[in-house]
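**Student:** Right, I'll just put the structure down here and ask away after.
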Amino acid sequence: MKHFLSLSLSAVALAALSACNMIPTDKTQLALARDANAAAHNNPQTVALAASELQLADAAMRRANQAEVARESNDTVNHLAYMAQQRTTIAQEVGQQKSAERGLAEANAARDRLQLEARTREADAARQNTVTAQNQTRDAEARNRELQSQIRDLNARATPRGLVITINDVLFTSGQAELRASSMRNIDKLVVFLQNYPQRNVLIEGFTDSTGSDAFNMDLSQRRSAAVRASLIDKGVKPERIAARGYGESHPIANNTSSGGRQLNRRVEIIVSNDTEAIPPR
């Protein structure tokens, strides 16, 4: 832009230097110069941005006026008026060019400021996202540690069906479905776990050994799973979250030929779902 300004001023200056060969003979040249000079002074842009050029135009204008007062020749007056007008034109163009430069500079500054603000916002958002992600990671890790701690406390094992908690039949009166008082501690732990994870559901499955009739074993397994369900409901777990089934002597986990094996088979298994997933059937 400065190069363009230089070329523009040079062109005007060249025209002024060659004025002697182009001076009009009409004496209205002085009036034209005065009008141009007055217009320049009424232009805030020229006054503010081309003060030195306007001073040169004023000096030339005074010289032309003085020539008229002194009654110098028409050629001299016209020549001086023409030169004054050219000086005024230069001042006007300088004002326009500097105004354009200032506008461009302000536009560039505004663009840079907007870009900086955008980058700052992006950086702030990235930092906030990082902090949020870190907090979420820490929260998730804390929740996972708490979950693992509760799972260990419940003596639960992870299976494809969900978390499995086994209650041996020593927690029941022999041949009966009533839970002994000693079993309540495990039930209470399970209640706390289910309160902490309300999206998880429970399936309670009862089993017996092969001693006794099929009908008796099926009934006993069903009553024992129902007893555990009732205990959970009494402690505040919603009934719709809990299902109970009895399988009798089916699905043994040990050999029924030994007392130790039969004791392992007499059990209630509590399956806690993986989050909101359904518990797969056996």
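**Student:** Among A227, A177, A39, which one shows the highest mean-square fluctuation when the chain is modelled as a Gaussian network with alpha-carbon springs under 10 Å?
**Tutor:** Result: A39 has the largest fluctuation of those listed.
**Student:** Exposure proxy check: T89, T28 ranked by fewest other beta carbons within 10 Å? Could you put the intermediate results ahead of the total?
**Tutor:** Working: T89 17, T28 11.
Ordered by Cβ neighbours within 10 Å, fewest first: T28, T89.
**Student:** Given the -39500 (n - 2.57) contribution per DSSP H run of 4+ residues, what per-residue ellipticity at 222 nm results for the chain, rounded to the nearest 500 deg cm²/dmol?
**Tutor:** Details: 8 runs with 175 residues, N = 282.
The helix-only estimate for the chain comes to -21500 deg cm²/dmol at 222 nm.
**Student:** How would you rank M218, M184, going from fewest to most other Cβ atoms within 10 Å of each one's own Cβ?
**Tutor:** Numbers: M218 18, M184 14.
In order of increasing Cβ crowding within 10 Å: M184, M218.
**Student:** Another question about this same structure. Compute the long axis of helix 184-196 from its Cα atoms, compare it with the longest principal axis of the Cα atoms of the chain, and write down the angle in degrees, 0 to 90, nearest 10.
**Tutor:** Computed tilt is about 20 degrees.
**Student:** Please enumerate, by chain and number, the aspartates and glutamates with C-alpha under 19 Å from the C-alpha of K98, excluding those fewer than 8 residues away in the same chain.
**Tutor:** Once the sequence-local aspartates and glutamates are set aside, what remains near K98 is E53, E106.
**Student:** Would you please give the FRET efficiency between A230 and T159, computed as 1/(1 + (r/R0)^6) with r the Cβ-Cβ distance and R0 = 30 Å, to the nearest 0.05?
**Tutor:** Efficiency computed from Cβ-Cβ geometry: 0.75.
**Student:** With the crude spin-label approximation of a point 7 Å out along Cα→Cβ, what separation in nm comes out for R127 versus A109?
**Tutor:** Result for the modelled spin labels: 2.6 nm.
**Student:** Which one, T137, T76, T208, has the greatest fluctuation when you compute a Gaussian network model over the chain with C-alpha springs under 10 angstrom?
**Tutor:** T76
**Student:** Follow-up. Are there GluC sites (Glu not before Pro) in region 26-97 that DSSP marks as loop and that have at most 12 other Cβ atoms within 10 Å, and which are they? Before the final figure, lay out each step's value.
**Tutor:** On the way: sites: E53, E68, E72, E93; in loops: E72.
Those that pass, being in a loop and sparsely packed, number zero.
**Student:** Which of V94, V228, V164 ends up with the largest GNM mean-square fluctuation for the chain, with Cα atoms connected below 10 Å?
**Tutor:** With Cα springs under 10 Å in the chain, the top fluctuation among V94, V228, V164 is at V94.
**Student:** Calculate, in nm to one decimal, what R185 and V69 gain on full extension: separation in residues at 0.36 nm each, minus their alpha carbon distance. Please report the intermediate quantities before stating the final value.
**Tutor:** Values: separation 116, 0.36 × 116 = 41.76 nm, distance 12.09 nm.
Full extension of this stretch gives 29.7 nm more.
We did not get these values from a lab; they are worked out from the coordinates using the rules stated. In this text, all values refer to a predicted model and were calculated from it rather than measured experimentally. As a convention, Cβ positions derive from the backbone with ideal geometry for all residues, glycine included, and neighbour counts pool all protein chains shown.
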